[in-house]
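Participant: For reference, the structure I am asking about is given below.
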Amino acid sequence: MQVSVENTSALERRMTIGVPAERIETEVNKRLQQTARKAKIPGFRPGKVPMSVIRQRYEDGARQEALGDLIQATFYEAVVEQKLNPAGAPAVEPKSFEKGKDLEYVATFEVFPEFTVAGFDSISVERLSADVADSDLDNMLEVLRKQNVRFEVADRAAQNEDQLNIDFIGKVDGEVFAGGSAAGTQLVLGSGRMIPGFEDGLVGAKAGEERVLNVTFPEDYQNLELAGKAAEFTVTVNTVSEPKLPELNEEFFKQFGIKETGIEGFRTEVRKNMERELRQAIKSKVKNQVMDGLLAANPIEVPKALLENEVNRLRVQAVQQFGGNIKPDQLPAELFEEQAKRRVELGLIVAEVVKQFDLKPDDARVREMIQEMASAYQEPEQVVAWYYKNEQQMNEVRSVVLEEQVVDTVLQKASVTDKSVSYEEAVKPVEAPKAD
């Protein structure tokens, strides 16, 4: 077998492979002999059909099959021989394909980029630390109460945080517009669910009252036909209901599946959940800074095949998340290219760090992570046992642990500043940068 390789770009390789005719004929004959043993042809007993008849009937199919298998096998042999690492399936173009002659074909493909991860000392990380104070716990209990609020009809004027049952008809330029009318809609004043001015215009209204609201749709409103236009809404208030927060009692505690009884037991369990959330938030923010630093310090070229695969994966995830009748390939690739590129780059860089430092998933950390996740459930021992019986789930946990070990490795070499902050600041999501 003859092999020559041409570098057509930084990552693309054009490999010409020659396969001797003798090897082709050997493979063709193997298939014809297999066929002869089981071929059923009128006038001949099974296994007694002359090879000339077998060849006449089946040689073309056997040759096509042999050539396809040989291209696949010799491509693999060639990349091993040339020490190449393909990043995707090759595009194969036959150059000579005649019976009795050597097979020659060209395989064009991309390889994984070869690089060494560097620049660890240029990475700066701010590592937050925080505690769950009693005041943070009190605030969380109020959040939980508000999430379980119920409303009772009140014989008074509407206030912010009241829930109104309303009918409304909307008009633009004196004409009713599609989607601008509804009956029996529940609306909490101050929720920001309606366009600016709508909810404010109902403060002070009473049950049975009709109000005419003159408002303007925002310039960036999702319906472009209405964006920036003035509208008139005629609103009838059917009922006004005031919020009633639940008491912190056993009935309330049971909604959260907490075994502990009494307010102190409930506070203990809520604090545990908050501390778990705090640890995850701090860990996530450190990881994001490390990954951003690795990307900035190690610009690499991404194989198109990997980028395309990741775009397609993100398309499928988007369809699964948002539903609808749209197919993944109907979503524009441009929507996902930036995210896909970041994912592929980080995947390559993280894999190289693992290789450079010979990292292996730490079994103790794997078990610790499983126990941490299981602690959020009522029967943690069963959850731990389930993980250890499920190899796919175990591999996912090992992958996460290995990524954490990569972060730890970088932190040992990066510039790290520790900063004490409040619980609220520590768990607050990082805002995405605004587009120019």
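Participant: Express in % the proportion of alpha carbon pairs of the stretch 30-189 at distances exceeding 27 Å. Display every interim value, and only then the final one.
Facilitator: Details: 8961 of 12720 pairs.
Cα-Cα pairs of the stretch 30-189 separated by over 27 Å account for 70 percent.
Participant: Run the numbers on the chain and let me know its relative contact order in percent, using alpha-carbon pairs under 8 Å that are six or more apart.
Facilitator: Values: 595 pairs, mean separation 75.6, N = 436.
Dividing the mean separation by the residue count of the chain yields 17 percent.
Participant: Also, quick follow-up: Please list, or write none, the aspartates and glutamates whose alpha carbon is within less than 16 Å of the alpha carbon of K419, excluding same-chain residues fewer than 8 places away.
Facilitator: E126, D131
Participant: Quick check: convex hull over the Cα atoms of the stretch 150-244, volume per residue in Å³, rounded to an integer?
Facilitator: Values: hull volume 8.3 nm³, N = 95.
Value for the stretch 150-244: 87 Å³ per residue.
Participant: Okay, moving on. Cα axis of helix 262-297 to longest principal axis of the chain: angle in degrees, 0 to 90, nearest 10?
Facilitator: In the chain, helix 262-297 runs at an angle near 50 degrees to the longest axis.
Participant: Here is a further query. Give me the percent relative contact order of the stretch 2-110, please, defined on Cα pairs under 8 angstrom at least 6 residues apart.
Facilitator: Numbers: 136 pairs, mean separation 38.9, N = 109.
Computed over the stretch 2-110, the figure is 36 percent.
Participant: Compare the peptides 293-303, 354-364 by average per-residue count of other Cβ atoms within 10 angstrom and give them in order, highest first. Mind showing how you got there, number by number?
Facilitator: Working: 293-303: 17.0, 354-364: 12.9.
Final packing ranking: 293-303, 354-364.
Participant: Say we join alpha carbon atoms closer than 10 Å with springs in a Gaussian network model of the chain; which of Y58, Y423, Y105 then has the biggest fluctuation?
Facilitator: In this elastic network of the chain, the residue with the biggest mean-square fluctuation among Y58, Y423, Y105 is Y58.
Participant: Any idea what Rg and Dmax come out to for the chain if you just take the C-alpha atoms, in Å?
Facilitator: 33.4, 102
Participant: Take the alpha-carbon centre of the stretch 116-179, take the same for the stretch 348-371, and report the distance between them in whole Å.
Facilitator: Using only Cα atoms, the two centres lie 37 Å from each other.
Participant: Filter the cross-link list K341/K428; K272/K428; K355/K413; K244/K428 down to pairs whose alpha-carbon distance in this structure exceeds 20 Å. It would help to have the intermediate numbers written out before the result.
Facilitator: Values: K341/K428 26 Å; K272/K428 18 Å; K355/K413 17 Å; K244/K428 28 Å.
Exceeds cut-off: K341/K428; K244/K428.
Participant: Less than 13 Å apart at the alpha-carbon level, and either on another chain or at least 8 residues along: which aspartates and glutamates does that give for K229?
Facilitator: Counting by Cα, and skipping residues close in sequence, K229 has these aspartates and glutamates nearby: D173, E175, E219, D220.
Participant: Just to be sure I understand: with springs between alpha-carbon atoms less than 10 Å apart, which residue in D138, D292, D162 has the highest mean-square fluctuation in the Gaussian network model of the chain?
Facilitator: D162
Participant: Okay, moving on. Taking H placed 1.01 Å from N in the peptide plane, check which residues at least 5 places from S181 or on another chain put their amide H under 5 Å from its amide H.
Facilitator: When sequence neighbours closer than 5 places are left aside, the close amide H contacts are G170.
Participant: On a 30 Å Cα-Cα criterion, which of the cross-link pairs K283/K360; K83/K283; K171/K206 come out too long? Let's see the in-between values first.
Facilitator: Numbers: K283/K360 20 Å; K83/K283 38 Å; K171/K206 23 Å.
Distance filter (> 30 Å) returns K83/K283.
Participant: Still on this structure, please answer the following. Can you tell me what percent of all Cα-Cα pairs in the stretch 2-110 are more than 25 Å apart? Each step should come with its number before you reach the end.
Facilitator: Details: 2078 of 5886 pairs.
Roughly 35 percent, once rounded to a whole number.
Participant: If each Cα of the stretch 74-154 is one equal point scatterer, what is log10 of I(q)/I(0) from the Debye formula at q = 0.14, 0.19, 0.20, 0.21 Å⁻¹?
Facilitator: Rounded to two decimals, the profile gives -0.77, -0.99, -1.03, -1.07.
Participant: Report Rg (one decimal) and Dmax (nearest whole number) for the stretch 331-429, counting Cα atoms only, units Å.
Facilitator: Both quantities, over Cα of the stretch 331-429: 17.3, 45 Å.
Participant: I need to check one value: relative contact order of the stretch 150-244, counting alpha carbon pairs closer than 8 Å and at least 6 residues apart, in percent.
Facilitator: Working: 219 pairs, mean separation 39.0, N = 95.
Relative CO of the stretch 150-244 lands at 41 percent.
Quick note: the coordinates plus some simple rules give every number you see, no bench work behind them. As the structure is a computational prediction, the values presented were derived from the model and not from experiment. For neighbour counting, all protein chains shown are included, and Cβ atoms are generated from backbone atoms with ideal geometry for every residue, glycine included.
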